[in-house]
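A short write-up of the structure that comes next.
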Amino acid sequence: LMKRSSLSSILGVRSGSEPHFGFKPAIPLSNGRTDQTEIDMYLDSLLVEAKLTETGFQKCPLDRILRYRDLDSVFNVEKLPVTRESVASYQLIRGVLAAHHLERSFVVVCDARRRDLIESWFQIMLTVQDCALRSRLALLTWQELASHLPGTLQLFLHSKYGIAAA
């Protein structure tokens, strides 16, 4: 698939890039240790978080987020989605921290019909303080992606998930 120039172009990677699934970057913690979070996939300099059937981006206790070394320099922490000592969109926050640490781009792929996921992603993006990092963050819908896939995969996405090429 990655030899398709339209697909590599929409992802912003070189044609023929090899995907690596279940990537576990070491995100620095304040105590000198690292967190081995999992990113769905990486291609060249692109980290990808893909949501197809999952319901959300996970929550975590506030103190878990506060342990990341670069949290204050990457995010305006006061604007993160915090309610009653928990933080929403934990996966997205970790993904942005990984992109920052590794100096890579980060894209979220989700269904265009899932406005809640899209809004959650934009809410996190708005809290990113560094404009260079923010410019490496993106959203891609499965519908947009589908139009760059072979017909058999388009048919699969449509029949199984109701996703039609945009």
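The values are calculated or read from the model by the stated rules, or taken from the named source; none is laboratory data. Note that this is a predicted model, so its numbers are computed, not measured. Note that we place each Cβ from the backbone using ideal geometry, even for glycine, and neighbour counts take in every protein chain shown. These area figures cover heavy atoms from the full protein model, side chains too; ligands, DNA and RNA do not enter into them. Shrake-Rupley method; radii C 1.70, N 1.55, O 1.52, S 1.80 Å.
A few points about this structure:
- Subset of segment 23-32 [open to solvent by 20 Å² or more (accessible area, probe 1.4 Å) and either hydroxyl-bearing (Ser, Thr, Tyr) or assigned to a strand (DSSP E or B) (or both)]: 23, 26, 30
- Screening segment 107-160 for helices (runs of 4 or more DSSP H) wholly inside it with 2 or more residues that are touching a Lys or Arg at 6+ places or on another chain (Cβ under 7 Å) returns the ranges 115-127.
- Once segment 119-142 is narrowed to residues that are aromatic (Phe, Trp, Tyr) and within 12 Å of the chain's Cα centre (by Cα), the residue that is most open to solvent (accessible area, probe 1.4 Å) is 122.
- Candidate set from segment 59-101 (those that are in a loop (DSSP other than H, G, I, E, B) and within 17 Å of residue 25 (Cβ to Cβ)); member that is nearest to the chain's Cα centre (by Cα): 70
- Going through (1) exposed (fewer than 14 other Cβ atoms within 10 Å of the Cβ); (2) closer than 28 Å to residue 145 by Cβ; (3) free of Cβ contacts under 8 Å to residues at least 40 places away in the same chain one by one, residue 84 falls short only on (2).
- Cβ-Cβ under 8 Å pairs, at least 6 apart or on other chains, segment 147-166 side more than 20 Å from residue 9 (Cα to Cα) and in contact (Cβ under 8 Å) with a residue 24 or more places away in the chain, far side in a helix (DSSP H, G or I) and open to solvent by less than 50 Å² (accessible area, probe 1.4 Å): 161/142; 163/142; 163/143; 163/146; 163/157
- Residues satisfying the stated conditions in segment 46-73, i.e. of a type in the set (Val, Ile, Thr) and open to solvent by less than 90 Å² (accessible area, probe 1.4 Å): 48, 65
- Flag if residue 35 is over 26 Å from residue 151 (Cα atoms), more than 13 Å from the chain's Cα centre (by Cα), surrounded by 13 or more Cβ atoms within 10 Å (Cβ to Cβ) and at pLDDT below 95: yes
- The set of residues in segment 87-119 that are out of contact with any helix residue (DSSP H, G or I) (no Cβ under 7 Å at 6 or more places or on another chain), farther than 18 Å from residue 42 by Cβ and touching a residue at least 60 places away in the same chain (Cβ under 8 Å) comprises 114, 116, 117.
- Which listed residue, of 72, 63, 130, is among the acidic types (Asp, Glu) and in contact (Cβ under 8 Å) with a residue 24 or more places away in the chain: 130
- Residue 47 being under 23 Å from residue 125 (Cβ atoms), part of a strand (DSSP E or B) and at pLDDT 95 or above: yes
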